[in-house]
Amino acid sequence: MTTADRWLLPDGVEELLPREAAKVEQLRRQLLDLYQSWGYELVIPPLLEYTESLLVGLGSDIDLMTFRVTDQLTGRMMGLRADITPQAARIDAHSLGLEGVTRLCYAGSVLHTRPKSPLASRSPIQLGAELYGDSSTESDLEIISLMLQTLQLAGARNITLDLGHVGIYEAVVGSLDEETEKRYFDILQRKAAAELEVLLAGLPLDPKIIAALRALSELHGGEAVLGRGREALKAYPRGIAAIDCLEQLAVQVQERFPEVSLYFDLAELRGYHYHTGAVFSALSSDCDQALASGGRYDDIGVVFGRARPATGFSIDLKALLGLLPEAAPAPAIAAPDSRDPRLWEQVQSLRAQGEQVIYALPGDSATSRCDRELHFENGEWLVKPR
């Protein structure tokens, strides 16, 4: 690497300069205050953990996205977290071990070996909320409502909520062998209609099952999808129960957020390997990628000694940067280069009151943005307009 290239960062890894950092930090504080007002308690998990606990329960996707290092003290393999969700589940199941409902929130950096999508960062600032101990639709509604309010506070407009349920897919693929199910899963993920027809043509299954497998790939769109889904999957009671759950959620969400558009994807498989129920994501007309996502992931805590119902969501604060307005320069007070102890006392007093006070240094232009300054008059230091 030449000297001229030493400033380069890896692809997908960004730094936030003062203006962007200030916007992200202000939003982080506002959102954590919002979550606290809903009863969610802040936890700060470590950036680094042994892979045995860090990668458990979330499937191969997180495994592939996790950077690994060797612990120089023990020789054991450690991972730099790619998702805070399993850490929160460990805290609920093991570190806290409380009975009843537990609400946790968090905010911190995560690292990915590869971006989740073409526009995603490899070093997101993940912020989210998790609710443990309740398996009802009401807890899913609470998490979805908090996710939508999060985006509204961030300034997102024309929000669309994408709803799905992994129980629908699981009901339909029950008759497939493991290898065929993997092929079908991959085709649905890519929405490759031609490949699906080739696969279905070679399956020695009842025509009704083939029809359901074909129908699932087409069940996405507006509210009418739910009716079409009931008709196409009427032979699958578990699938119908999942559709009923989605309809109940949709009605309640619309009551709370009538301005939010709803989109249903009954073949939504994001996070399929660990989600156990409703899954959801939120998009905005202001952004080309999903801004927030989440879902139900019951019993993930069993590996830590306690099986608990769980639902939650997360966002990348960096992805919200484009939604945030440019912040006006913070008001500040310039202090002259003086060793007068009375000036020091006044500066410290003003800072304690929340004011930004900048001492003038030789050749320093930072005080040029100050809208006020300290003047010595009648034996005391007073704040005057510039």
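Every number in this text was worked out from the coordinates using simple rules, so none of it is lab data. Source: prediction; values computed, not measured. No Cβ is skipped: glycine too gets one built from the backbone with ideal geometry, and neighbour counts run over all protein chains shown.
Just a few scattered comments:
- Take every Cα pair under 8 Å whose residues are at least 6 apart in sequence, average their separation, divide by the length of region 137-266, and the relative contact order is 46 percent.
- The value of relative contact order for region 333-385, using C-alpha pairs under 8 Å at least six residues apart, is 42 percent.
- On Cα atoms only, tilt of 207-216 relative to the major axis of the chain in degrees: 20
- Helix axis angle, 178-190 relative to the chain longest principal axis, alpha carbon, degrees: 50
- Kirkwood Rh, angstrom, region 163-280 [1 / mean 1/r, Cα pairs]: 14.6
- With N as its number of residues, region 54-116 has a Cα radius of gyration that, divided by 2.2 N^0.38 Å, comes to 1.27.
- Estimated 222 nm signal from helices in the chain, with DSSP H stretches of n ≥ 4 weighted -39500 (n - 2.57), rounded to 500: -10500 deg cm²/dmol
- Sites listed here are trypsin sites (Lys or Arg not before Pro) in region 10-40 whose DSSP assignment is loop and whose Cβ has at most 10 other Cβ atoms within 10 Å, and the list is empty.
- Cross-link pairs K182/K318; K116/K191; K116/K182 - those with Cα-Cα distance over 25 Å: K182/K318
- Taking all Cα-Cα distances within region 333-385, those exceeding 12 Å account for 62%.
- Evaluated at q = 0.11, 0.22 Å⁻¹, the base-10 log of the normalised Debye intensity for region 258-386, with identical point scatterers placed on the Cα atoms, takes the values -0.66, -1.26.
- Where labels lie 7 Å past Cα in the beta-carbon direction, separation of D71 and K234 in nm: 5.8
- Global form of region 119-216, assessed from the alpha-carbon gyration tensor, a/c cut-off 1.5: prolate
- Size descriptors for the chain: radius of gyration and Dmax over Cα atoms are 26.0, 97 Å.
- In this Cβ point-charge picture (+1 for Lys and Arg, -1 for Asp and Glu), the chain has a dipole of about 400 debye about its Cα centre.
- Using the average count of surrounding beta-carbon atoms within 10 Å as a protection proxy, the listed peptides 131-143, 304-316 rank, highest first, as 304-316, 131-143.
- Sorted peptide list for 85-98, 38-51, criterion being average Cβ within 10 angstrom, highest first: 85-98, 38-51
- L205-S338 pseudo-label distance in nm [points 7 Å out on the Cα-to-Cβ vector]: 8.3
- Helix 18-37 and the longest principal axis of the C-alpha atoms of the chain enclose an angle of approximately 60°.
- Averaged over residues, the count of other Cβ atoms within 10 Å places the peptides 238-249, 152-163, 352-363, 175-186 in the sequence 238-249, 152-163, 175-186, 352-363, highest first.
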